[in-house]
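Only the coordinates and a few stated rules stand behind these numbers; no lab work does. These numbers come from a predicted model, not from an experiment. Glycine also receives a Cβ, built like all others from the backbone with ideal geometry; neighbour counts cover every protein chain displayed.
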2 protein chains.
Amino acid sequence: MDAKTQKAEFTRMAIIGAALDLAAAEGLEAITLQAVADRVQLSKSGVFSRVGSREALQKAVIEEFGRRFIADVFVPAMQQPKGLPRLDTIVRRWIARTRDVEAHQGCIFTAGAFELDDREGELRDLLLSEVLRWRAALRRTVLQAVEAGHLRADTSADQLAGEISALIMGQLHDVRFLRDPQAAHRTEASWERLVKSYQA
Amino acid sequence: MDAKTQKAEFTRMAIIGAALDLAAAEGLEAITLQAVADRVQLSKSGVFSRVGSREALQKAVIEEFGRRFIADVFVPAMQQPKGLPRLDTIVRRWIARTRDVEAHQGCIFTAGAFELDDREGELRDLLLSEVLRWRAALRRTVLQAVEAGHLRADTSADQLAGEISALIMGQLHDVRFLRDPQAAHRTEASWERLVKSYQA
């Protein structure tokens, strides 16, 4: 990458980062080219020339949030052996990320789900496809733990993946809305009890 | 109540009901006197004279939602014996209400929590006090089940009440955002597994 291309890429990343902060604080619908331009000290047309329309920027934010989540939660877990060790790493990293990142910034995916749940359109479709992609990855990891004999043969991957997602949503709610500093600690205890109830 | 007072009360209830529908669809911040006036075919000043300011109307909506929830979920459960029968009735009625009411209308309390989590002010304070009131009622019911010997003596009421709330949040997310018709069914199965893991 030459210096000019690199600078352009950094500017684009700064724009998307600013839009992500804005969406985390006020919701995906709060993203406008002008609001983001003000945050990065560019003109509105300068933002447009780098990321395109408001809709393109909203989509870029969803994709960037998804990339960070996958990088923090799923990628390091791939180094663990298939089965319960990998599943356990995913869940513990997800709890930790919710405690260390989403507790302060908000979770664009959960808040976005409650923001867009009764709307239609490309933004909802993109967010939905990202959430379903995680859920499918989580379900596959549960299935591998069943195949390895680490979880009972009658474990429903759909059920357990849904329960894990629900526990994390509860943690996010309790830490951000109730501002309960014990939330992450409780979610860890819930996960330990949950996995025990599915163990062979 | 004379006929005139009754009519005034009906009009007030219609205003609050319209504001509740609006908040369920678009969020508490979407409530404005004008938007509600348009829905009930009154003038803006006609709405103001009956409910007061926009803030008073938002508060009335939160209180009305709370009353309906308590009436549907907690009040009927009080007819069950203290302990697990009562706790089980609360959870099953909560799952059913989430399936039959919130799945279509949205849940003002959960969506409101993700809408207001990083704001300050009277609206957040009121919503928080309502949510804490339910959570406390749920915790007391768990404690009674422990005292009755229906749940293990080492059961943490805080933990179990948080897990139940998380399961319902997961159901709401999955039915409204994923539009998964199996969500309520899965939450029932989760509740049965959850309570079993705490049973003496």
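Here is how the numbers come out for the structure above:
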| item | result |
| --- | --- |
| Structure-based [θ]222 nm, chain A - -39500 (n - 2.57) summed over DSSP H runs of at least 4, per residue, nearest 500 | -23500 deg cm²/dmol |
| Copy-to-copy label separations for residue B:9, where each label sits 7 Å from Cα toward Cβ, in nm and ascending | 6.9 |
| Ascending list, in nanometres, of distances separating the residue A:53 label from those of the other copies (7 Å, Cα toward Cβ) | 4.0 |
| Cα-based shape type of segment B:1-78, given that a ≥ b ≥ c are square roots of the gyration tensor eigenvalues and the cut on a/c is 1.5 | oblate |
| Per-residue average of Cβ from other chains inside 10 Å of B:18-29 | 1 |
| Cα centroid separation - segment B:144-200 against segment A:5-60, whole Å | 41 Å |
| Segment A:154-200: C-alpha gyration tensor shape, a/c 1.5 cut-off, then a/b vs b/c | oblate |
| Residue mean of other protein chain beta carbons inside 10 Å, B:174-181 | 5 |
| Per-selection metrics, chain A (Cα): Rg and Dmax in Å | 18.8, 60 |
| Net charge dipole size for the protein assembly as shown [Lys, Arg +1 and Asp, Glu -1 on Cβ; Debye, nearest 20] | 440 debye |
| Least to most buried among A:89, A:110, A:141 (fewest other Cβ within 10 Å first) | A:89, A:110, A:141 |
| Rg/Rg_globular for segment A:87-173, with Rg_globular taken as 2.2 N^0.38 Å and Rg from C-alpha atoms | 1.19 |
| Which of A:173, B:185 has the fewest Cβ neighbours within 10 Å, and the rest in rising order | B:185, A:173 |
| Those lysines that a straight Cα-Cα span of less than 16 Å connects to residue B:196, excepting residues fewer than 8 apart in one chain | A:196 |
| Descending semi-axes in Å of the protein assembly as shown, equivalent ellipsoid built from Cα gyration tensor | 35, 34, 16 |
| Calculated label separations, residue B:133, copies of the chain, 7 Å along the beta-carbon direction, nm | 4.3 |
| Whichever aspartates and glutamates have a C-alpha closer than 12 Å to that of residue B:82, once near sequence neighbours (fewer than 8 apart) are set aside | B:147 |
| Taking B:11, B:187 and counting other C-beta atoms within 10 Å, the order from fewest to most | B:11, B:187 |
| Gaussian network model of chain A, springs between alpha carbon atoms under 10 Å - residue of A:157, A:77, A:148 with greatest fluctuation | A:148 |
